[in-house]
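Notes for the one structure printed next.
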Amino acid sequence: MKTTEEQIRYIGCCGAYCKTCPPYNDGYCKGCKQGYENGERNIDAAKCKMKVCCIKEKKIETCADCTDYNTCTILHEFQTKNGYKYKKYKQSLEFIRTHGYKEFLKKTKDWKHAYGPLK
C-alpha cells in the first residue's frame, strides 16, 4: 500500500483524483502531476494554468494548500466553468482544506471517477 504522501501525488492541483479516473487507469491520460517531478514531462509545456502555478511557481501539492485560494483568478475561472465535475473538484479542494489529505483519501476508496461523494 502506498503512503499518504505517495497517494497525494495522484490528486490534481484542481482537486481531481487521478487514481480513480477511468482515462488515467485506461492509459489515455498521464495524470495531472505525474512525470513533472522527475523531468519526464516539461512543466513549461503544460497548458493548464493551475499546474504551472501550483507545481512550478508555488511548489505546492494542490490549490487547497495555496494562501491565495480565496482570491485566485485562475482557480475561480476553473471552478465556475459549466459542468458537474468542476463543482465536484471544488468540493474536493474545500474538503482537503477543512479535513486534510488523509481524510480525503479515505473518501476516495469507492470512487469510479476523478470525483465522488465526500459525506
- Message: Run the simple label-point estimate for LYS30 and LYS56 please: 7 Å along Cα→C-beta, distance reported in nm.
- Response: 1.3 nm
- Message: Counting other beta carbons within 10 Å of each residue's own, what order do PHE95, PHE104 fall into, fewest first?
- Response: PHE95, PHE104
- Task: Name the long-range amide H neighbours of CYS29: under 5 Å, sequence gap of 5 or more, or other chain; modelled H, no Pro or chain starts.
- Result: TYR24
- Determine one quarter of the surface area of the Cα convex hull of the chain, which equals its mean projected area, and express it in nm² to one decimal. 7.5 nm²
- Task: Calculate the dipole size of segment 66-119 relative to its Cα centre from +1 charges on Lys and Arg beta carbons and -1 charges on Asp and Glu beta carbons; express the result in debye to the nearest 20.
- Result: 340 debye
- Considering the chain as a Gaussian network with a 10 Å cut-off on Cα pairs, which listed residue, GLY15, GLY83, GLY35, attains the greatest mean-square fluctuation? GLY83
- Under the Cβ-under-4.7 Å rule, which cysteines of the chain stay unpaired? CYS14, CYS18, CYS21, CYS29, CYS32, CYS48, CYS53, CYS63, CYS66, CYS72
- the chain: relative contact order from alpha carbon pairs under 8 Å, six or more residues apart, as a whole percent, is 32 percent
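Values in this text are rule-based calculations from the coordinates and carry no lab data. Please read all numbers here as calculations on a predicted model, not as lab measurements. We place every Cβ from the backbone using ideal geometry, glycine too, and count neighbours over all the protein chains shown.
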